[in-house]
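To keep things clear, I will list the structure first and then write my remarks on it.
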Amino acid sequence: MARFNTIEKDMNLKFERVFSLIPKEKQSQVLEALNIYNDAIKKSEVECCD
C-alpha cells in the first residue's frame, strides 16, 4: 500500500506542476476536455467488452 501511495503522490505532484504551467484562463477548459475524454474512454470500455 505504501508503494501505491508513493506513486499516487508523485502523479499528483506531476499533474500539479504541469497544470500550473497552463494559463489560469485556460485551466477550466483543460479540465472540461479531460472530463470529456474520460467519459469517452468509459463508453469505449463498455462498448468493447459487452
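The values are calculated or read from the model by the stated rules, or taken from the named source; none is laboratory data. In this text the structure is predicted, and so the values were computed from the model without any measurement. Note: ideal-geometry Cβ built from the backbone for every residue, glycine included; neighbour counts use all protein chains shown. Surface accessibility is based on the protein's heavy atoms, side chains included, excluding ligands, DNA and RNA. Shrake-Rupley method; radii C 1.70, N 1.55, O 1.52, S 1.80 Å.
Calculated FRET efficiency, Ser44 and Ser20, Cβ-Cβ r, R0 22 Å, to nearest 0.05? Kindly include the intermediate steps, with their values, before the conclusion.
Values: r = 30 Å, r/R0 = 1.37.
About 0.15, to the nearest 0.05.
Starting from the eigenvalues of the Cα gyration tensor, five times each then square-rooted, give me the equivalent ellipsoid semi-axes of the chain, largest first, whole Å. Present the calculation step by step, with values, prior to reporting the outcome.
On the way: eigenvalues 122, 91, 5 Å².
Calculated on Cα positions only, the semi-axes equal 25, 21, 5 Å.
Per DSSP H run of at least 4 residues, take -39500 (n - 2.57); add these up for the chain, divide by its residues and hand me the 222 nm value, nearest 500 deg cm²/dmol. Present the calculation step by step, with values, prior to reporting the outcome.
Numbers: 2 runs with 45 residues, N = 50.
Helix-only estimate at 222 nm: -31500 deg cm²/dmol.
If ligands, DNA and RNA are left out, what is the accessible area of Asp10 with a 1.4 Å probe, given in Å² to the nearest 10?
Roughly 90 Å² of Asp10 is accessible to a 1.4 Å probe.
So what are the ³J(HN,Hα) numbers for the range 31-43, from phi and the Karplus equation (6.51, -1.76, 1.60; θ = phi - 60°), rounded to whole Hz, Gly and Pro as x?
4, 4, 4, 5, 5, 4, 4, 4, 4, 5, 4, 4, 5
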